[in-house]
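The values are calculated or read from the model by the stated rules, or taken from the named source; none is laboratory data. The structure displayed is predicted, hence computed values, not measured ones. Heads up, the Cβs are rebuilt from the backbone with ideal geometry, glycines too, and the neighbour counts pull from every protein chain shown.
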Amino acid sequence: MSLIEHAIVSSQASAKHHDPSLADKPAPKVAIITCMDPRMNGLLERFDIKPADADLIRNVGTVVTDDVVRSLMFSIHVLGVKDVMIVGHTGCGSEMFTDDSFEKHLHERTGVLTVEPAKFHFYTDVNVATRKQMLKLRSHPWIPSEITIRGFVLNLATGELKEVPMEGRL
Ligand SMILES: [Zn+2]
C-alpha cells in the first residue's frame, strides 16, 4: 500500500473520533518559516509549540519568496501573528548545487530548459542564507516594525539551535 492509500484509510479511522473544534477560526501566535526537509517535520514538538499555535510556512532551503510573503501577510494581517521565526538547518539540500548547476541537472534529466523558476536560491552558508531571509522580511513594507523577526539554524547533527543575528559577524 502506498503512503497515500495508507493516509486515506487512516483518515477515515481518525474521522470517527474527530474534534469538531478544528473547524474554528485559527489563532496562531507565531509563524515559522522553515525547510520542507522531512528531518524538520518534528520542529513543533522539538520547540514544544502546540500545532494550533503556529503557522508553518515551508519550502526547500527556507527561502523568503514572494509566496512566503503572501502566506505571511495572512498570518500577520488576518490572524494576528506578531512573532516570525526563520529556522534554517545544517546539511540542507540547498547546499548541494548552485543555481547554474541545478539548471544543468534539470536540463540533463529532462532535455528541456524553461524560463521558470528563474531562481533556485542555492547557498553555501546557512547562516548567511538565514540572515538574508531575515533582512528581506525586515525591509518589507507590509511587515510592521513591531513584528518580531528572529532567525535560527538548527544543527541536525547535534540538535543545537543557534540564533543568527540580524547584523554583525556570523
Ligand atoms: Zn533544508
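Quick one: residue 141 ticks every box in (1) in contact (Cβ under 8 Å) with a residue 60 or more places away in the chain; (2) in a loop (DSSP other than H, G, I, E, B); (3) of a type outside the set (A, V, I, L, M) except a single one, so which number is it?
All conditions pass for residue 141, except number (1).
Those residues that are of a type in the set (Ser, Thr, Tyr), surrounded by fewer than 15 Cβ atoms within 10 Å (Cβ to Cβ) and assigned to a helix (DSSP H, G or I), I need them from region 92-124; list them, please.
The answer is 101, 110.
Which is loosely packed, with under 15 Cβ neighbours inside 10 Å, out of contact with any Lys or Arg (no Cβ under 8 Å at 6 or more places or on another chain) and of a type outside the set (Asp, Glu), of 80, 88?
From the options 80, 88, the qualifying one is 80.
Out of (1) within 16 Å of the ligand (Cβ to nearest atom); (2) of a type in the set (Val, Ile, Thr); (3) more than 12 Å from residue 32 (Cβ to Cβ), the odd one out for residue 76 is which?
(1)
Residue by residue, here is whether (1) of a type outside the set (D, E, K, R); (2) closer than 30 Å to residue 45 by Cβ; (3) at pLDDT below 95 holds:
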{"site": "97", "(1), (2), (3)": "yes, no, no"}
{"site": "113", "(1), (2), (3)": "yes, no, yes"}
{"site": "117", "(1), (2), (3)": "yes, no, yes"}
{"site": "128", "(1), (2), (3)": "yes, yes, no"}
{"site": "135", "(1), (2), (3)": "yes, yes, no"}
{"site": "152", "(1), (2), (3)": "yes, yes, no"}
{"site": "162", "(1), (2), (3)": "no, yes, no"}
{"site": "168", "(1), (2), (3)": "yes, no, yes"}
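Which of the following residues is surrounded by fewer than 17 Cβ atoms within 10 Å (Cβ to Cβ), in contact (Cβ under 8 Å) with a residue 24 or more places away in the chain and away from the ligand (no atom under 14 Å from the Cβ): 52, 23, 13, 31?
The match here is 52.
Of everything in region 140-170 that's farther than 19 Å from residue 70 by Cα and among the β-branched types (Val, Ile, Thr), which residue is surrounded by the fewest Cβ atoms within 10 Å (Cβ to Cβ)?
Across region 140-170, the extreme among qualifying residues is 158.
Mind counting the residues in region 61-72 that are over 19 Å from residue 44 (Cα atoms), more than 16 Å from the ligand (Cβ to nearest atom) and surrounded by 13 or more Cβ atoms within 10 Å (Cβ to Cβ)?
So the count comes out to 1.
Go through region 66-91 and report how many residues are under 20 Å from residue 136 (Cβ atoms) and not in a helix (DSSP H, G or I).
Total meeting the criteria: 9.
Which residue is nearest to the ligand (Cβ to nearest atom), if the candidates are limited to region 34-49 and must be among the aliphatic types (A, V, I, L, M) and in a helix (DSSP H, G or I)?
By that ranking, first place goes to 40.
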